[in-house]
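**Q** Before anything else, here's the structure in question.
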Amino acid sequence: MKKTLVLCICILLSLVAAYAFAGDGSWEHVKKSGKLVIGLDDAFPPMGYRQADGKLVGFDIDAAEEVGKRLGIKIEWQPTAWEGVIHSLDAKKFDCIWNGMTITPERAKEVAFTKPYIMDGQIAVVNFKDKRFKGLKDLKGVKAGTQKGSSGLEAVKKLPTAPTELKEYEDYPKALLDLEAGRIDVVVVDNVTGRDMIAKRPGKFKILPGMISKEPFGVAFRKGDISLRQKVQQTLDKMVKDGSLAKISRKWFAEDITNPKKF
């Protein structure tokens, strides 16, 4: 009798969980519309950015397009200002944020993240000809810059010595322009973004050894959109397992930085 009762309770709990998963309607809404609208900052290479011809390219673009293909839906990209990106998600201007968004405890209170799909970090970039700085410990009494609303704002606080001035920019390219002009001393930037920018402008900037912080990237959804988040997560899990996400990673980073075992 006890075993039968326990079995019935387990079945009931499973049914409740399944209903809760499907009951929010977020996946059904996307499936019915035939498209997943994704918010991004389209000036964030190599995660998502515009080529000279205006075409949107990058790691996140390729990864999301592959998810869309497997789910049988189209991906529609919605460029937005990064500073208010979570507010725009809550306002339902798009279905999720997929743009190298760092998972932080603060953000996790506002959105529902997937599991990390890349382990990134914050680095310090200085002028190539500046001989004052050989390591992070040398960043004393400096004017620093980073992007508004980015995790670089928190990373700056982890520097050995607080900067005398912190300037926030609309995007990283503008910060690097000020760095090149000598208006600031250092730019705190995502590792993947910083390395991509430096590779395109050899002899202009250099990265100081070591990471200021290690930070996982995740796809962000509204808290209530459980079924949609789960559907995307299941697809990403399959892409990790069959090696297709690693293939996309090697295309953009020349190595696989998507393997959860290395996080």
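The values are calculated or read from the model by the stated rules, or taken from the named source; none is laboratory data. These numbers come from a predicted model, not from an experiment. Cβ: placed from backbone, ideal geometry, glycine included. Neighbour counts: every protein chain shown. Side chains are part of the model used for accessible areas, which takes the heavy atoms of the whole protein and leaves out ligands, DNA and RNA. Shrake-Rupley method; radii C 1.70, N 1.55, O 1.52, S 1.80 Å.
**Q** If r is the Cβ-Cβ distance from Glu255 to Lys32 and R0 is 35 Å, what FRET efficiency results, to the nearest 0.05?
**A** Once the sixth-power term is evaluated, E becomes 0.35.
**Q** His87 accessible area, nearest 10 Å², 1.4 Å probe?
**A** We get 140 Å² for His87.
**Q** While we're looking at this one, here's another question. Can you give me the distance in nm between label points at Ala91 and Asp138, each placed 7 Å from the Cα along the Cα-to-Cβ direction?
**A** Taking the two extended label points, one gets 4.4 nm.
**Q** When you count, for each residue, the other Cβ atoms within 10 Å and take the mean per peptide, how do 134-140, 175-181 rank with the highest first?
**A** 175-181, 134-140
**Q** Rounded to the nearest 5, what is the percent of antiparallel bridges among the DSSP beta bridges in the chain?
**A** Around 60 percent of the beta bridges assigned by DSSP in the chain are antiparallel ones.
**Q** Enter the angle in degrees (range 0 to 90, nearest 10) between the Cα long axis of helix 244-253 and the first principal axis of the Cα atoms of the chain, meaning the one along which they spread out most.
**A** Value to nearest ten degrees: 10.
**Q** Among Phe113, Phe94, Phe133, whose mean-square fluctuation peaks in a Gaussian network model of the chain (Cα, cutoff 10 Å)?
**A** Phe133
**Q** If you roll a 1.4 Å probe over the heavy atoms of the protein chains, what accessible area per residue do you get for the stretch 46-119, in Å²?
**A** Here the per-residue accessible area is 46 Å².
**Q** Starting from the 7 Å offset along Cα-to-Cβ, what nm value, one decimal, do you get for the label separation of Lys223 and Lys238?
**A** In this crude label model, Lys223 to Lys238 measures out at 3.1 nm.
**Q** Then there is this: How big is the Cα convex hull of the stretch 183-263 in projection, averaged over all directions, in nm²?
**A** Averaged projected area of the stretch 183-263's Cα convex hull equals 7.8 nm².
**Q** Moving on. Could you check the simple spin-label distance between Lys148 and Arg50, using points 7 Å along Cα→Cβ, in nm with one decimal?
**A** Calculated label separation equals 1.8 nm.
**Q** Still on this structure, please answer the following. Of the cross-linked pairs Lys92/Lys158; Lys115/Lys157; Lys69/Lys261; Lys131/Lys157; Lys131/Lys262; Lys31/Lys261, which ones have a Cα-Cα span greater than 29 Å in the structure shown?
**A** Table pairs above 29 Å Cα-Cα are Lys92/Lys158; Lys131/Lys262; Lys31/Lys261.
**Q** Rounded to the nearest whole Å², what accessible area per residue is found for the stretch 167-263 with the 1.4 Å probe?
**A** 50
**Q** Starting from the Cα of Lys251, draw a straight line to each of the aspartates and glutamates and keep only those under 18 Å, dropping any in the same chain fewer than 8 residues away.
**A** Straight-line reach from Lys251, under 18 Å: Asp60, Asp62, Glu65, Glu66, Asp120, Asp196, Asp242.
**Q** Give me the angle, in degrees from 0 to 90, between the Cα long axis of helix 172-181 and the longest principal axis of the Cα atoms of the chain, rounded to the nearest 10.
**A** 10
**Q** What accessible surface, in Å², does a 1.4 Å probe find on Tyr49, ignoring ligands, DNA and RNA and rounding to the nearest 10?
**A** 40
**Q** Another question about this same structure. Could you check which residue among Ser213, Ser244, Ser33 shows the biggest mean-square fluctuation in a GNM of the chain with a 10 Å Cα cutoff?
**A** Largest GNM mean-square fluctuation: Ser33.
**Q** If you build a Gaussian network model of the chain, linking Cα atoms that sit under 10 Å apart, which residue out of Ala124, Ala52, Ala112 swings the most?
**A** Looking only at Ala124, Ala52, Ala112, the biggest GNM fluctuation is shown by Ala52.
**Q** What part of the accessible area of the chain, given as a whole %, is carbon or sulfur when the probe is 1.4 angstrom?
**A** Carbon with sulfur: 56 percent of the solvent-accessible area.
**Q** More than 29 angstrom separation, counting every C-alpha pair in the chain; what % is that?
**A** The proportion of pairs with Cα distances above 29 Å equals 37 percent.
**Q** Please give the helix 226-241 orientation as an angle from the longest Cα principal axis of the chain, in degrees from 0 to 90, rounded to the nearest 10.
**A** Roughly 70 degrees, rounded to the nearest 10.
**Q** May I ask you to compute the full-extension gain from Phe128 to Ala181, defined as 0.36 nm times their residue separation minus their alpha-carbon distance, rounded to one decimal in nm?
**A** 17.9 nm
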